[in-house]
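All remarks here apply to the structure that follows.
The values are calculated or read from the model by the stated rules, or taken from the named source; none is laboratory data. The model shown is predicted, which means the values in this text are computed figures rather than measured ones. Cβ atoms come from the backbone with ideal geometry, glycine included; neighbour counts cover every protein chain shown. Accessible surface is based on the protein model in full, side chains and every heavy atom, while ligands, DNA and RNA are left aside. Shrake-Rupley method; radii C 1.70, N 1.55, O 1.52, S 1.80 Å.
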Amino acid sequence: MEKRHRLSISFKQDYRHVYKFLVQKPNISDYICRVIEDDIRKVKGSRDEEIRRIVMDILSAQEISGISFKPSVLHDQLSNEDIELIDQLF
């Protein structure tokens, strides 16, 4: 059986409303994990989009082999494999 990781949280008086909200949930741990997972995805997604925008700006500003890249054209030409590689590099 998998070992559970435990964490104790305390709430300041300013967050009493948060505490009251949480204790009404049937599975507080699961709820907290799902909220944090969503937050992680949002942060990662925004970072990925920023990196993608920077790469596209750099490519569109340069001419490679006499071809001027435009972000909308280049984005349509990137395969999922290319996108994953860029994500891994940055």
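Some points to look at:
- The residues listed here are R4, R34, R53; of these, the one that is of a type in the set (K, R), at pLDDT 75 or above, open to solvent by 100 Å² or more (accessible area, probe 1.4 Å) and assigned to a loop (DSSP other than H, G, I, E, B) is R4.
- Failed criterion for S60 (all others in (1) under 19 Å from D87 (Cα atoms); (2) at pLDDT below 80; (3) open to solvent by 70 Å² or more (accessible area, probe 1.4 Å) hold): (3)
- Residue within segment 17-30 that is exposed (fewer than 10 other Cβ atoms within 10 Å of the Cβ), free of Cβ contacts under 8 Å to residues at least 24 places away in the same chain, outside any helix (DSSP H, G or I) and charged (D, E, K, R) present: no
- All of (1) closer than 30 Å to L89 by Cβ; (2) modelled with pLDDT of 70 or more; (3) touching a helix residue (DSSP H, G or I) at 6+ places or on another chain (Cβ under 6 Å); (4) of a type in the set (K, R) hold for K70 with one exception: (2).
- Single unsatisfied condition, Q77 versus (1) at pLDDT below 75; (2) open to solvent by less than 80 Å² (accessible area, probe 1.4 Å): (2)
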